[in-house]
Amino acid sequence: MELRRPTLADKDAILAMMAEFEEEASLHDGGFWDWEDFVYEDWLASNQDAEMGLHLPDGWVPAIQLVGFEDGVAVGFLNLRLRLSDYLLNEGGHIGYSIRPSERGKGYAKESLRQGLQVAKEKNINKVLVTCSVANSASRAVILANGGQREDIRYETERYWIDLEEENEQSKTTRMEE
């Protein structure tokens with residue numbers, strides 16, 4: 001799976017994924033759109049603006065919109081928030097992600113979060129907050145598999161921190177021992 005910024009060439013694949021989310025009435029954390037007034041090209045432009053911190057709705061923070069692809073099929077969304085607002089600190093976290101309904105249970109969420117953490121590291125975010133609903137055992141497993149350490153539960157939301165600096169230190173130690 002490749003996690004990357006969406007392009008104009010991805011339009012059909014992403015529209016098919018969005019339609020599936022809508023048809024299934026499935027939550028799409030990590031991907032944001034208004035289906036009734038959706039224009040793909042405007043969505044791409046708003047993603048670029050959001051990454052630069054331009055034209056953000058009140059309360060929103062700069063963010064990178066990424067999409068996971070497997071063999072040309074769009075399989076999921078991941079949104080990396082470049083800083084935390086009060087809301088994100090309590091309920092949303094740095095990363096939101098979702099996998100399209102027909103592709104769940106195939107390991108894409110785990111891989112998507114792993115790759116999203118690499119992007120966070122590149123953006124000098126050394127401690128990443130990832131959250132999930134207390135009722136979402138699948139997301140909890142994905143977060144734990146990526147090194148999440150639970151801090152607490154707020155508003156029915158489990159909050160996990162992933163320390164990317166600690167991961168870097170462990171990798172250095174392992175390489176030095178080899």
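Exactly one residue out of A16, A45 is over 22 Å from K106 (Cα atoms) and either part of a helix (DSSP H, G or I) or at pLDDT 95 or above (or both): that is A45.
Quick check on segment 94-106. Is at least one of its residues in contact with a Lys or Arg (Cβ under 9 Å, 6 or more places away or on another chain), among the hydrophobic types (A, V, I, L, M, F, W, C) and modelled with pLDDT of 95 or more? Yes. Restricting the first member to segment 102-113 and to residues that are closer than 14 Å to S26 by Cβ, and the second to residues that are in a helix (DSSP H, G or I) and of a type outside the set (S, T, N, Q), the beta-carbon pairs closer than 6 Å and six or more apart or on different chains are A109/V142. The residue pairs whose first member lies in segment 22-37 and is farther than 18 Å from P57 by Cα, whose second member is open to solvent by 80 Å² or more (accessible area, probe 1.4 Å) and not in a loop (DSSP other than H, G, I, E, B), and whose beta carbons are closer than 6 Å, counting only pairs six or more residues apart or on different chains, are E22/W35.
The values are calculated or read from the model by the stated rules, or taken from the named source; none is laboratory data. Remember, predicted model here, so these are calculated numbers, not experimental data. Virtual Cβ from ideal backbone geometry, glycine too; neighbours counted across all protein chains shown. These accessible areas exclude ligands, DNA and RNA; they are computed on the full protein's heavy atoms, side chains included. Shrake-Rupley method; radii C 1.70, N 1.55, O 1.52, S 1.80 Å.
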